[in-house]
Structures are given as structure tokens and as C-alpha cells.
Amino acid sequence: MPDALPRRRITLTVNGKEHSAETEDRYSLADFLRHGLGLTGTHLGCEHGVCGACTVLVNGEAVRGCLMLAVQAEGCRVTTIEGLADDDGALSPLQQAFMDNHGLQCGFCTPGILTTLTAYLRDHPNADEPEIREALSGNICRCTGYDTIVRAALAAARTIREGAKA
Amino acid sequence: MKPAPFTYHRAGSLAEAAEMAATLDNARLLSGGQSLMAMMNLRYVAVDHLIDLNPVAEIAGIAIDGGRVTLGAMTRQRAVLESDALAACCPILREALGFVGHVQTRNRGTVGGSLAHLDPAAELPGMAALLDAEITLTSRGGARTVAMADYPQGYMTPDIVDGEILTSVAFDLWPEGHGWDFREFAQRHGDFAMAGVGSLIALDADGRIGRAAVILIGVGDGPLRLRDVEDILTDEAPSGALFAAAAAMAAARPMSADALVTEAYRQHLSRVLVRRSLTRACARATEAAHA
């Protein structure tokens, strides 16, 4: 029976590298990234669009990886948590700020939060605390440690702004 | 993966999508997928065929022409929120879209998807009801237009028959200088509202309310247009007593109850929200008149 399930081959660019792989039609993008490409940094929490743990960037914009099908990512540019650091391993300003401010905690929701904030701070480098809290409203942290997450985001925003000035 | 098996179909054009919708059995149209994919993951919905409208660029976009706005069904919610042209002529849309889910869901979610899904707490059907929108449905046989007033047939049941594709929504603009307000009460920003209200007010030359439109969302089977409230506001001078009377009238109707919220609490929320919303919409209209 599994052989009869609809499948197709998709080609997409993930973290700058082109991949061509077969997927079942019903696979979510997040499942495809994890099981098809072995990129297990993207986490699936609720799998119905509430928790935000599976957030990845598709063509630069944050989307729920559990609510988009892998087959819909044909030809798209996808960025996951594995793609945020530089090729030489240097953390992004946001990742560094999360380390410095204890924004990670248990780490399960962190990939979704980092991808969400990467896109948000790129578009809103002057974001203040209420704006960052609203931007985070689609990501649930069950450690409930939002204060350190917000502190980290504000610190990253400062670093990004200073970098832009330099 | 969570959904039951289905075959995915990429529609390259509206004609192709209409052909697929007319011929495939147990098929559903996929736009943003922010509700449908969740329902399929939960297996509330199981389909044999999924027709993806995302590549159909011809039904996406915002057109403002001669006092009328047309939103293509595949227009992303984020595009509506971020359109400065729309915010200039119909500012309530930006205020309401800020309450639609979260940035991640607005990046994918579409205008047409929300209208087709017709969640009672959804902001976009509420806006369509408030603005007396017309919805265009296209099938292999042609297109037809439905007034938003006739479109909801019951709880999450739009007037769409098999083979039809919601392709656009259009509405006439309110006069320049009108007042507006949208607000809602939810447990968390972006969650489904326990109650939400939208108001539009146009003042006449004497500073009286020449025209009013008010809707409630999240309190019944669909967006609730408050015609009786609009009637008692019209031709009156704005005042706290008038807004309180209008709010009491809005809250007097039967409302839904669920595991979290009683009917009485929804009525209470509606009364408070309607009074505040009318107050702000009238203040904005007055401010525009003196600008």
C-alpha cells in the first residue's frame, strides 16, 4: 500500500544548497526537512499551526513549516535554523544574543523563535519591546521564559543597528 | 506527517484550477492553507485531491479604482496589512488585519482562503460584512457574484457550490474623512477573539452621524452586521449616551457559548467593545472634519 501513495520529486534550495529529493504529497515542509534532508533542527510541536516551533523562512519570510506542504516548496529558497550561522560557524547576532541572555532555555521552541526573529529584525531593526513581543506572539515557549527571549531580541536589534552603522 | 493521503495538483492558471475543481472527486482548493492544512493535520478534513491555487497569479493583487477596491483571492493577508494605498483609503483594514493570526500565518494566509473558510471569529469575513462586499465565484461555466449579506449560509458554510473557486472580493470605499475602529478581545494577541467589533462612521455637514456600519465577530455563526444599531445611530449627534444605548442594543441579542466563554460574558464583552469602538470611530471622524 505505501508504494501506491502519491509521491513526487521536488527541487529546492535549503540554506544555500540545492536539493532534489522525493517526497510524499502529504508531507509537510517541516517533515521533509527533518526526514527527507536530515535537517532535524526544525522542530514540530503541535503540527496544526499554533505553537510556531516549526517556523522556517521560505523566500525570506517566516512561515509555519507544518502548514505548508513540501511539494509547495518546489523552486523555493528555504532557510532553517541550520542556515543562520555563517559557513565558518560564527553565530548570527541573534544567536549570539540568545546565548548571552539565556534566551534558549530548553531549546525546543528556539529554532522557530530564531527564524521568526531573523526575518522580523531584518525588516524592523528599530523594533521596541512591545513590537518584539507582538512579533513573538506566534511562537509558544513552554518554559515561559519570554523575558530573556525579549531581552536577547532587543540586544540583537542593537547589534544589528550598530553593524548597519559601521 | 499527519494528513490522510491525497493527490496534490498544482494549478497553473484559473482555467486549469476550474477544470480540476469541476472534474476531481472529493477535492479541496488550497490557498494559504493556514486553516485547511491544520484541519487536515487533525484529520477533521480528508480529501482525495488537493488543488493548489498558489501558482495562480491572476487571482492575486490589490486594485483601487474609482472608489472601489478589488482584492484578488490569493492576495496574502500580509499584503493587505502592509498596503499603504489601502490604509489611506480604507484604514480599518490595516487595523483589523493586525489581529489576524501571527506574522507567520499572515505571510501565507490569503483573503480568499479566510472568506471561504468563514470562521465566525475571523476578521476578514467581518470586514467584508462591514464594507458590504461582493464576492465573485468562478467555475468552469463562468462567474457569479454574491453579496456578503447573503454569503454565509450557517456556521462555516459559505454559499459556494462544488466546482466554484472564490476569486475576488470587492467593495465600495467610504467617503474620505470617515471614522473607523476595529478591536477585539482574545486570550493572546492573534488568537481567535471571544468577541470583536468593527465600526465605520461618516459624519454629515452638521456633525451628525450620516452613515454608520457596525459588525460583531466571534459571537455567533458568522459575522454579525448590526443593522438595528446602525439605525439608531443614524442622524444623531455623537454622544456618550448614544454610544451606550447602541452598545446595550448590540449586546441584547443571543450569542454563542463554548467551553471557555459563556453567552453572558460574550454579551458583556460586546457591550464594552461596541461602546469603545463607536467612541473612537466618531472621534476619528470628528478629527478628520476639523483637520
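Observations on the model:
- Residue ID - surrounded by the fewest Cβ atoms within 10 Å (Cβ to Cβ), chosen from residues in region A:19-73 that are within 8 Å of chain B (Cβ to nearest Cβ) and of a type in the set (D, E): A:E61
- Considering region B:31-51, the residues that are small (G, A, S) and closer than 12 Å to A:V50 by Cα include one that is farthest from the other protein chains (Cβ to nearest Cβ), namely B:S35.
- Long-range neighbours under 9 Å by Cβ, at least six apart or interchain, first residue at positive phi within region B:20-31, second modelled with pLDDT of 95 or more: B:N26/B:F6; B:N26/B:A46; B:N26/B:V47; B:N26/B:D48; B:N26/B:H49
- Hey, B:A257 open to solvent by 10 Å² or more (accessible area, probe 1.4 Å) and of a type in the set (G, A, S) or not: yes
- Considered as a group, the residues in region A:129-166 that are polar (S, T, N, Q) and touching a residue at least 24 places away in the same chain (Cβ under 8 Å) include one that is farthest from the other protein chains (Cβ to nearest Cβ), and that residue is A:T159.
- Qualifying residue in region A:80-89 (condition: open to solvent by less than 10 Å² (accessible area, probe 1.4 Å), over 24 Å from A:D25 (Cβ atoms) and part of a loop (DSSP other than H, G, I, E, B)): no
- From the list B:R78, B:R10, B:R108, the lone residue that is within 12 Å of another protein chain (Cβ to nearest Cβ), crowded, with 24+ Cβ neighbours inside 10 Å and charged (D, E, K, R) is B:R108.
- Selection within region B:13-30 - open to solvent by less than 20 Å² (accessible area, probe 1.4 Å) and within 14 Å of another protein chain (Cβ to nearest Cβ): B:L30
- Criterion (among the polar types (S, T, N, Q), out of contact with any Asp or Glu (no Cβ under 7 Å at 6 or more places or on another chain) and crowded, with 19+ Cβ neighbours inside 10 Å) met by exactly one of B:S277, B:S239, B:S270: B:S270
The values are calculated or read from the model by the stated rules, or taken from the named source; none is laboratory data. Owing to the predicted nature of the structure, the values given are computational and were not obtained by experimental measurement. We place every Cβ from the backbone using ideal geometry, glycine too, and count neighbours over all the protein chains shown. Note: areas computed on protein heavy atoms with side chains; ligands, DNA, RNA excluded. Shrake-Rupley method; radii C 1.70, N 1.55, O 1.52, S 1.80 Å.
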